[in-house]
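Read the figures in this text as sums done on the coordinates, not as results from a lab. All figures in this text were calculated on a predicted structure; none of them were measured in a lab. No Cβ is skipped: glycine too gets one built from the backbone with ideal geometry, and neighbour counts run over all protein chains shown.
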Amino acid sequence: MSDSNAYIGLLKKVLLGLHNADAVEYKPLLPNTPSWRLKFLLAVHKILRIKKYAIVRSAEFDLEKRLNGIDWPAHADTMIGLKRLENIEFCFREVIKDNIPGDFIETGVWRGGSTIFMKALLKDSNINNRVVWVADSFEGLPKPDEKNILRIKEIHFIRLQTLLYQWKK
Ligand SMILES: C[S@@+](CC[C@H](N)C(=O)[O-])C[C@H]1O[C@@H](n2cnc3c(N)ncnc32)[C@H](O)[C@@H]1O
């Protein structure tokens, strides 16, 4: 294995948190699951937080879920899983191979793992004239109202058209 493959391979594992696979993860309570027990725990949690204590739930590491990007990692820098990381790598290499000009951007960065990965791919390929951009509202989607509901519909329509166009190609 070349140094480059070893570096990129190791980085993927670290970004996915696979180096901590044997550790129990402690995750926050999910406030969107309505139950009287949870409501009670959240109320206690709120009080404990003042003293810097927290109520958490423990979750066993599930390799299958992590590789498929369907769990919510407590510590890993990306939640997209190995398959989607590899898809980023595939797309990156295609862009470079085909000389497609431009920078890279991650829209919706969360903890930044995919951005770190793209930056590492650039560095590993000795490319210094492209930038990785990062964008996130950290607040989710704006609530639809009279003013922006049309705009949201328009965005979804454009996305659909683009997908259909790419699919037909
Ligand atoms: C599923 S996470 C992204 C996971 C990330 N790409 C990774 O590698 O783990 C979605 C991210 O998108 C952001 N987000 C959601 N809606 C957004 C919006 N309307 N504009 C900008 N960022 C948004 C969230 O704050 C969150 O960080």
Label-point separation, Arg49 to Val131 (7 Å along Cα→Cβ), nm: 3.6
If you take the square roots of the eigenvalues of the alpha-carbon gyration tensor of the stretch 3-135 and sort them as a ≥ b ≥ c, do you get rounded (a/c under 1.5), prolate (a/b over b/c) or oblate? prolate
Net charge contributed by nearby residues that have their C-beta within less than 11 Å of Val56 (K/R +1, D/E -1): +1
For a quick check of your reading of the filter: which trypsin sites (Lys or Arg not before Pro) in the stretch 41-84 sit in a DSSP loop and have no more than 10 other Cβ atoms within 10 Å? Lys51, Lys52
Of Phe104, His45, Pro73, whose Cα points farthest to the positive end of the dipole of the stretch 3-135 (charges on the beta-carbon: +1 Lys, Arg; -1 Asp, Glu; origin at the Cα centre)? His45
Environment charge at Leu15 (Cβ cut-off 10 Å; Lys +1, Arg +1, Asp -1, Glu -1): +2
Test of understanding: what is the full-extension gain from Glu89 to Leu42, defined as 0.36 nm times their sequence separation minus their Cα-Cα distance? 12.9 nm
Amide H contacts of Phe61 (H built 1.01 Å from N, under 5 Å, at least 5 apart or other chain): Glu25
Only Lys, Arg (+1) and Asp, Glu (-1) charged, at Cβ; the stretch 3-135 dipole about Cα centre in debye: 840
